[in-house]
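Structure, as structure tokens:
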Amino acid sequence: MEVQLRDPKIVMKLSKLGSFHQSKLSFLRSFLKEFKNWKHKKDLFELDENGHGRAVYSLSQNNRTYSLVCFANHIKDDERSDRVIATKWDTAFTLHDGVPTKKDLDRLYNDVPKQEVGRLSFKELTLSRANKSLRIFNHVVESLSKGKQPDKNKLMEVGYLYRTTAVYGSGKFGLADRFRIKNRDEICGPFRLEMMLVYLVREFTFDQVNHIAKQKNPKKAVALDLDICRNLGIGNSTGLGMAPFIVNHPTLLNNWILAREISLKKIREIENIKDNDFKLFKKILKKSLKNISSWNTDSEFQKKKIFGLLKDMEKLINFINKDFNFKGKYSFNELYLWCEKNLNDECIEYIVSLMMEPYDNIINPLIKKMSSDEEKHFNIPTQKNIENLRNILENNYSEIIKIDFSKKENNQNFWFISKNKEEPRLADRYLDSGSELEQPLAIARDIKILYERISNKKNSLSIGKFLMENNDLRHVVRRAFISENFPYAEIQDNTIGSKLMPIDMLRLKLSFFGAVKFDPRSDKWLRICMFQGAPLLNDLKSLDDEWIYNTLNS
Amino acid sequence: MISLSEIDNTVKRASKAVGFSWGIAEEVGKSISLLEMFGLPGLKNLNQYFKAYKNKKFQNVSLISKTNSSKISYCPIISGINFLDQVFTLNEMIEIDFENVAFPILFIPFLSKSSEIVGKKIFLKIDERKYLLNFNHSIFSNHLDRDVLEKAKNVKIVFIENENSFSESEWNELYRLSKETFVDESEELKQTAAGAGLTDND
């Protein structure tokens, strides 16, 4: 039986993309699998009694070493801010290519804590900073220094000791350009170096908290229980800076979504599900109930989503227990079709992720196809003609070209780059100034303009000749031809409409990172958690791939 | 050191700021980072061009012919983009001449990309400076100064047919040498090689 890939016009709607969850394809899970056999070392740990100083952690294999360089600084409580406009942080990090020399460390000491206003070199690969979750951090230090373990319930409310507020890579602030490292097999998957940085930062947070407690009370202090450590991740505050990424990298976006869609298609095409595979699916489904119940948020929007997800999961479990026969033919297909008919997107997409769990044989080859050499697809095929372009627009953008952009609500917002922080922002076109400096992120509107512009052009006119008079639409002509070969390259929604929920764009990207515990703080930024439940560096060799569904004591 | 990714982004934004469309600005960003990667003074030339762009008029060629001349200097960006867009037609012309091109270094990356697209090396002569553009993989030149070149009187572009750069006898000499690594096969081994024992009409 052949199952069709899901229609991009449905999958690529923002409300659907905003319901995606982590899966076996997610980058932090792939990263751990790919690096589990690498040697790890704490090369330097020079912190004072308050935990301030420098440390270096490394991962090595054969002749390759990646080193996390950490700087922990004193900052006043009123200087601590997760906003991107902050200028001081509790800690600052960079991932250095190789083993840093003393000279490198001194250079980095001057620049890494400055973050965006510092300068890095081609020897550095990623850059980040993090702030303490103060009440959790202090509670842990207090408890450990008194010889006690911290209150688990308190820890689980937050889920981490530190949260990062940005992780930069790919040539920002002088960091190494992608072309310098793109041929390295071990980091060919997307965002591997960013994941490595965050994972090693997590290890540093445990060493630092233990160190401070020990310094505070050398005789009584105990180390943080390893099970507790495993169930603490790294938090992250993420805002609109992340949203344009998925518009600006169409082939990469396609490759992420396509991997997910091919996985689902192949799983639905399995004729007979093995007992063990279905058992694993059911086991993780049940574990998920407990795990999801630990997702805390004050956001009404997210509370509704979590509540709906839990309700739908119970409905699904009931169905599986009472009416579902997994021994029938193509039973995952049957289950998926039942989900589509009876559940909401949030749960459907959660189940899609869960269905992947038993199938390393399907997922692993796809993980290798999730990167993209974007330059290869940049040139416009100018020898093609208007007929080709019109067909692409009518086939791939059929919903988009129906949008009426003469209506105010469909034109409500515009994307711009903030002068203060050089970060993307969203503003109201009718209330805020600056729309004349709009970024080229209103793809739906510009595609519609392109469609109207070619309406009276001859089919035989070449794209090269069309562009001579229409270079103002060059950016969308390029995109249209990309979408011809990359069906999931384009968001099938209006990114400037009044109903836009920017966190849907963030959520999509974060789900591919492998983030959990989405906690929206508004419709424009949210907090998440990464690596919660993940093995520690010392456990990495015996990695259990189900770690992400663990909760403390489960 | 400023990374190529920073150059790409900043140039893209600067190009939009001086008045180019976003689609063209994207091309300029990639082109300048390409020039810098090849070690040619892209950023320097672009900076000077944008200063001149604010006060002077430049010619925007649209349909490129075999010979192109104008009293007003050609804009290297629009000319470059038009060249790229019309490259399949221009390839048929083999040789194309421009007179009076402003900041011609900025024209180079578009020709370099064109070389990749049509799969032919391109020979470029900017007055006395010579460049060989190799499928967008490398640029070979007799001129390595990193100066700003404000204008070129004559720019000649030649599409080079895919032909050997060596003679047949030079090739044969080398091939004979390579054969010295081969081993004579015994009769028995010949009998068991792929296809042996079958007629080819089965």
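Here are a few things to note about the model shown:
- Here B:S79 fulfils each of the conditions (1) of a type outside the set (A, V, I, L, M); (2) within 14 Å of chain A (Cβ to nearest Cβ); (3) not in a helix (DSSP H, G or I) apart from (3).
Listed here are the residues, each with its yes/no results for (1) of a type in the set (S, T, N, Q); (2) surrounded by fewer than 24 Cβ atoms within 10 Å (Cβ to Cβ); (3) modelled with pLDDT under 95; (4) under 23 Å from the mean Cα position of the chain (by Cα).
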residue	(1), (2), (3), (4)
A:T65	yes, yes, no, no
A:F71	no, yes, no, no
A:I85	no, yes, yes, yes
A:H96	no, no, no, yes
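- Residue match in the stretch A:144-154 (condition: buried (at least 19 other Cβ atoms within 10 Å of the Cβ), in a helix (DSSP H, G or I) and within 23 Å of the chain's Cα centre (by Cα)): no
- Residue in the stretch A:235-243 that is β-branched (V, I, T) and over 28 Å from A:Y330 (Cα atoms) present: yes
- Residue match in the stretch A:427-441 (condition: surrounded by 20 or more Cβ atoms within 10 Å (Cβ to Cβ) and at the interface with chain B (Cβ under 8 Å from one of its Cβ atoms)): yes
- Enumeration of residues in the stretch A:98-120 that are exposed (fewer than 14 other Cβ atoms within 10 Å of the Cβ) and part of a loop (DSSP other than H, G, I, E, B): A:T101
- Among the residues of the stretch A:272-287, not a single one is more than 30 Å from A:I443 (Cα to Cα), at pLDDT below 95 and touching a strand residue (DSSP E or B) at 6+ places or on another chain (Cβ under 7 Å).
- Enumeration of residues in the stretch B:130-157 that are closer than 24 Å to B:N60 by Cβ and surrounded by fewer than 18 Cβ atoms within 10 Å (Cβ to Cβ): B:V148, B:E150, B:K151, B:K153, B:N154, B:K156
- Test result for B:L144, outside any loop (DSSP other than H, G, I, E, B) and either away from every other protein chain (no Cβ under 14 Å) or within 29 Å of B:Y53 (Cα to Cα) (or both): no
- Scanning the stretch A:400-426 for residues that are modelled with pLDDT under 95, assigned to a loop (DSSP other than H, G, I, E, B) and away from chain B (no Cβ under 14 Å), we see that the one that is surrounded by the fewest Cβ atoms within 10 Å (Cβ to Cβ) is A:N420.
- Single residue of B:N45, B:N60, B:N100, B:N55 found to be over 26 Å from A:I181 (Cα atoms), of a type in the set (S, T, N, Q), crowded, with 23+ Cβ neighbours inside 10 Å and more than 8 Å from chain A (Cβ to nearest Cβ): B:N45
- The residue that is nearest to the other protein chains (Cβ to nearest Cβ), among those in the stretch B:6-42 that are hydroxyl-bearing (S, T, Y) and crowded, with 21+ Cβ neighbours inside 10 Å, is B:S33.
- The helices (runs of 4 or more DSSP H) found wholly in the stretch A:165-245 and carrying at least 1 residues that are in contact with a Ser or Thr (Cβ under 6 Å, 6 or more places away or on another chain) occupy A:178-181, A:192-216.
- Qualifying residue in the stretch A:463-486 (condition: over 31 Å from the mean Cα position of the chain (by Cα), assigned to a loop (DSSP other than H, G, I, E, B) and within 14 Å of chain B (Cβ to nearest Cβ)): yes
- Set side by side, the residues A:N364, A:N318 differ, and just one is under 30 Å from A:V247 (Cα atoms), polar (S, T, N, Q) and in a helix (DSSP H, G or I), which is A:N364.
Condition check ((1) within 14 Å of chain B (Cβ to nearest Cβ); (2) part of a helix (DSSP H, G or I); (3) modelled with pLDDT under 95; (4) surrounded by 19 or more Cβ atoms within 10 Å (Cβ to Cβ)) across all residues:
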{"site": "A:L354", "(1), (2), (3), (4)": "no, yes, no, yes"}
{"site": "A:P358", "(1), (2), (3), (4)": "no, no, no, yes"}
{"site": "A:K376", "(1), (2), (3), (4)": "yes, yes, yes, no"}
{"site": "A:R390", "(1), (2), (3), (4)": "no, yes, no, no"}
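The values are calculated or read from the model by the stated rules, or taken from the named source; none is laboratory data. Note that this is a predicted model, so its numbers are computed, not measured. Don't worry about glycine lacking a Cβ; one is built from the backbone with ideal geometry, like all the others, and counts go over all protein chains shown.
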